[in-house]
Amino acid sequence: MSPLRLILAAAVVLVMGAAILGIGQGESPLAAAPPRGRTLSPQEVRASRQRVVAGGEQVRHGRHEFAEQGCGACHTLAAIGADGELGPRLDRRREPVQAIAGSIAEPEAQGQPGYDRELMPRHYEQELGKEGVAAVAAFIKAASG
């Protein structure tokens, strides 16, 4: 391999490595996230799971969609063992189910303080419809108490 090609190959590897690691892209979303708070006690997790089981068809549908959409990759929800760290903990949500649905449907307008609203996908209402978003919100509400 010629010296020029070797230099170009090394430059490509460096640029790709930097892109993968996010170097030069500002602060990591994990570094900017607010503290996660204490974990739930075993009794709180058990109670959360019981509320989900007792929640009925809408809550079951919401749990399915939550898993199907990969929400647990970013959010923590102890009732189902989700331990994502990019988005806010969902097992501590205390607002009404309509507010939770609004945060899902329009995260840029109703996102949680301290979290980058650009990270939350904006396609959920289009993909799931209002009923699907309401089901996910009902599931989160049941799991969080």
Inset, instruction - Can you run down the residue pairs with Cβ atoms below 6 Å, 6 or more apart or on separate chains, where the first is in the range 61-88 and buried (at least 17 other Cβ atoms within 10 Å of the Cβ) and the partner is among the acidic types (Asp, Glu)? - result: Thr76/Asp83; Leu77/Asp91; Ala78/Asp91
Legend entry - Which numbered condition Gly55 fails, given (1) assigned to a loop (DSSP other than H, G, I, E, B); (2) under 13 Å from the mean Cα position of the chain (by Cα); (3) buried (at least 17 other Cβ atoms within 10 Å of the Cβ): (2)
Legend entry - Counted residues, the range 93-105 - those being surrounded by 16 or more Cβ atoms within 10 Å (Cβ to Cβ) and either assigned to a loop (DSSP other than H, G, I, E, B) or basic (Lys, Arg) (or both): 1
Inset, instruction - Report yes if some residue within the range 125-138 is surrounded by fewer than 16 Cβ atoms within 10 Å (Cβ to Cβ) and part of a loop (DSSP other than H, G, I, E, B); otherwise report no. - result: no
Inset, instruction - For Pro113, state whether it is surrounded by fewer than 16 Cβ atoms within 10 Å (Cβ to Cβ) and not in a helix (DSSP H, G or I). - result: yes
Legend entry - Cβ pairs under 8 Å, 6+ apart, first in the range 91-106 and within 15 Å of Glu131 (Cα to Cα), second surrounded by fewer than 17 Cβ atoms within 10 Å (Cβ to Cβ) and at pLDDT 95 or above: Ala105/Lys130
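The values are calculated or read from the model by the stated rules, or taken from the named source; none is laboratory data. Note that this is a predicted model, so its numbers are computed, not measured. We place every Cβ from the backbone using ideal geometry, glycine too, and count neighbours over all the protein chains shown.
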